[in-house]
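*Asks:* I have a structure I would like to understand better, so I am pasting it below and will then ask my questions one at a time.
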């Protein structure tokens with residue numbers, strides 16, 4: 001029993017609530033286990049924003065205000081442009 005409880009704490013990130021940066025209402029999210037930023041669709045206003053795990057919790061960012069490393073699509077492009085010649 002203790003082993004299954006320990007496994008669930010390590011591998012599964014539970015849903016949490018976050019405030020949408022557009023409508024300022026709470027919406028449910030399931031953050032990525034590996035700290036990468038994810039897109040979230042607000043359950044209230046329907047707008048898409050970015051949720052990023054940080055040391056003190058989860059940060060919500062408007063897509064247009066996020067840096068290239070906080071935007072999941074732009075992050076893949078930036079990180080994938082290594083040694084191309």
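*Asks:* For the stretch 66-75, name all the residues that are exposed (fewer than 15 other Cβ atoms within 10 Å of the Cβ) and either in contact (Cβ under 8 Å) with a residue 40 or more places away in the chain or assigned to a loop (DSSP other than H, G, I, E, B) (or both).
*Replies:* 67, 68, 69
*Asks:* Being more than 9 Å from the chain's Cα centre (by Cα), at pLDDT 85 or above and either in a loop (DSSP other than H, G, I, E, B) or surrounded by 10 or more Cβ atoms within 10 Å (Cβ to Cβ) (or both) is the filter here, so list the residues in the stretch 55-65 that pass it.
*Replies:* Just the residues of the stretch 55-65 that are more than 9 Å from the chain's Cα centre (by Cα), to begin with: 55-57, 61-65.
Restricting the remaining residues to those that are at pLDDT 85 or above gives 61-65.
Residues satisfying the conditions are 61, 62, 63, 65.
The values are calculated or read from the model by the stated rules, or taken from the named source; none is laboratory data. From a predicted model like this one, the values you see are computed outputs, not experimental measurements. For neighbour counting, all protein chains shown are included, and Cβ atoms are generated from backbone atoms with ideal geometry for every residue, glycine included.
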